[in-house]
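**Student:** I have a structure here, written as structure tokens, and I will follow up with some questions on it.
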Amino acid sequence: MTTELDTVETWNAYGAHQLARGLQLPELERWDWGIRDVGPGIEALGDVNGLRVLDLGSGLGRHAAHLAARGADVTAVDASPAQHQRALARYPNAPGLHLVCADAVTHLRDADPYDLIYSVGSMPYLDPDRLLPVLANGLEPGGRLLFSALHTKARRFQESWAPGDRNPYTRPGIIEPRVRVGACRSNVTGCVRVDGTWSEA
């Protein structure tokens, strides 16, 4: 099984569990990139009013709803049916928010290009050789791609790796840097890097 399929199964189980519990997380008070109080806020996205925006791996849809409330036309894509159901239950009629249950790559192949594509922590779960070529075609000329990913040396992920595991796609959602760098060199023409750090006190 690939990391992508493992991830869908994991988030589907998580989403089903949270649906059964009725867990409701608060709306975003401050834009985050998956780790609270680290890195830039919503200002990193610029003015989103009137833009066609894609949220890859949208989960509950809170980030997408946050942007839709600021005038963006947001398509929020998640491959997990349970996470999609959670988002539909939370945002049944939010103006400017379109919730889609689909594989990210398939969606990008079929959709018109976006002005802005972002992902909060989901990009490392997707095979870059599948994703990056369609991302390049999924953006309007001058469009922007912003995403966050935990560093592959994050302690909590290293501790869960199987000893001697050589397959870069079987680690828990983290694609080895050598795989990502090779894919980026083949598909990306330029980028701006923003790093955040935090302490596990």
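The values are calculated or read from the model by the stated rules, or taken from the named source; none is laboratory data. Quantities reported herein were computed from a predicted structural model and do not represent experimental measurements. When we count neighbours, we look across all protein chains shown, and the Cβ atoms used for this are built from the backbone with ideal geometry, even at glycine.
**Student:** Filtering region 125-142 down to residues that are in contact with a strand residue (DSSP E or B) (Cβ under 9 Å, 6 or more places away or on another chain) and crowded, with 17+ Cβ neighbours inside 10 Å, which residue is farthest from residue 72 (Cα to Cα)?
**Tutor:** This residue is 126.
**Student:** Given 59, 50, 34, which one is part of a loop (DSSP other than H, G, I, E, B) and loosely packed, with under 14 Cβ neighbours inside 10 Å?
**Tutor:** One residue alone meets the criteria, 50.
**Student:** For region 44-73, which residues satisfy the criterion of being in contact (Cβ under 8 Å) with a residue 12 or more places away in the chain and among the acidic types (Asp, Glu)?
**Tutor:** 55, 73
**Student:** Could you tell me whether any residue of region 6-29 is surrounded by fewer than 18 Cβ atoms within 10 Å (Cβ to Cβ) and among the aromatic types (Phe, Trp, Tyr)?
**Tutor:** yes
**Student:** Oh, and also: Filter region 15-52 down to residues that are small (Gly, Ala, Ser), modelled with pLDDT under 85 and over 18 Å from residue 78 (Cβ atoms), then give me how many there are.
**Tutor:** The number of residues fulfilling the criteria is 3.
**Student:** Say whether the condition of being farther than 26 Å from residue 3 by Cα, in contact with a Phe, Trp or Tyr (Cβ under 6 Å, 6 or more places away or on another chain) and either of a type in the set (Lys, Arg) or surrounded by fewer than 23 Cβ atoms within 10 Å (Cβ to Cβ) (or both) is met by at least one residue in region 81-93.
**Tutor:** No, region 81-93 has no match at all.
**Student:** Out of region 13-31, which residues are in contact (Cβ under 8 Å) with a residue 12 or more places away in the chain, of a type in the set (A, V, I, L, M) and in a helix (DSSP H, G or I)?
**Tutor:** The answer is 13, 16, 19.
Residues checked against (1) within 18 Å of residue 44 (Cα to Cα); (2) touching a helix residue (DSSP H, G or I) at 6+ places or on another chain (Cβ under 8 Å); (3) of a type in the set (A, V, I, L, M, F, W, C):
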residue: 74; (1), (2), (3): yes, yes, yes
residue: 81; (1), (2), (3): no, yes, no
residue: 88; (1), (2), (3): no, no, yes
residue: 95; (1), (2), (3): no, yes, no
residue: 112; (1), (2), (3): no, no, no
residue: 120; (1), (2), (3): yes, yes, yes
